[in-house]
Amino acid sequence: QLQFVESGGGLVQPGDSLTLSCSVRGALFPIVGMGWYRQAPGTQRELVAAINSDGITKYSDSVKGRFTVSRVDTKYMVYLQMNSLKPEDAAVYYCNSEPNPLNSWGQGTQVTVSA
């Protein structure tokens, strides 16, 4: 079973950058695909970026070209570099396995984008 602890969120202005971190506990991590998900108030949780065990990445159209997902298996860490942030990027961000997220989610990390 994997467990996730997200960090790195905060209040930023439009156009700013932010890097989120996800610490993963669980021996299977190196062979598991990982994703970053986000949920804004009143919306469903959505996948924004994913990276598989081979390092192949994919992104939602809304963040493509602005966000970069990476992983360091030796540190059991997953990162989301977010550039050119927009107000619509504001949400609680979570990491979880991908394509099949586990039922147990971390607490997430809040990203607020406001002038």
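The values are calculated or read from the model by the stated rules, or taken from the named source; none is laboratory data. Quick caveat: nothing in here was measured; it's all calculated off a predicted structure. Please note: Cβ atoms are built from the backbone with ideal geometry, for glycine as well, and neighbour counts cover all protein chains shown. Protein only, heavy atoms only, side chains kept; ligands, DNA and RNA dropped before computing areas. Shrake-Rupley method; radii C 1.70, N 1.55, O 1.52, S 1.80 Å.
Could you tally the net charge around CYS95, taking each other residue with its Cβ under 13 Å from the Cβ of CYS95, Lys/Arg +1 and Asp/Glu -1?
Cβ neighbours under 13 Å give a net charge of +2.
Quick check for you: with a 1.4 Å probe and neighbouring chains kept, what is the accessible area per residue of the chain, in Å²?
Per residue, the chain has 52 Å² of solvent-accessible surface.
Antiparallel versus total DSSP beta bridges in the chain: what percent is that, nearest 5?
90
Can you pull the one-decimal nm distance between simple spin-label points at ASN100 and ILE56, each 7 Å off the Cα toward Cβ?
Distance between label points: 1.8 nm.
May I ask you to derive the FRET efficiency for ASP73 and GLN13 from their Cβ-Cβ distance with R0 = 35 Å, giving the value to the nearest 0.05?
0.55
Give, as ranges by residue number, the residues of the range 83-106 whose backbone N falls under 18 Å from the point 7 Å along Cα→Cβ of THR112.
85-94
Let me spell out the model: positive unit charges on the Cβ of Lys and Arg, negative unit charges on the Cβ of Asp and Glu, origin at the Cα centre of the range 1-107. What dipole size does that give, in debye rounded to 20?
Taking the Cα centre of the range 1-107 as origin, the dipole is about 80 debye.
Could you look at the range 48-115 and say what percent of its accessible area is carbon and sulfur, using a 1.4 Å probe and all protein chains?
49
Rounding to the nearest 20 debye, state how big the charge dipole of the range 1-59 is about its Cα centre with +1 on each Lys and Arg Cβ and -1 on each Asp and Glu Cβ.
Computed about the Cα centre, the dipole is about 120 debye.
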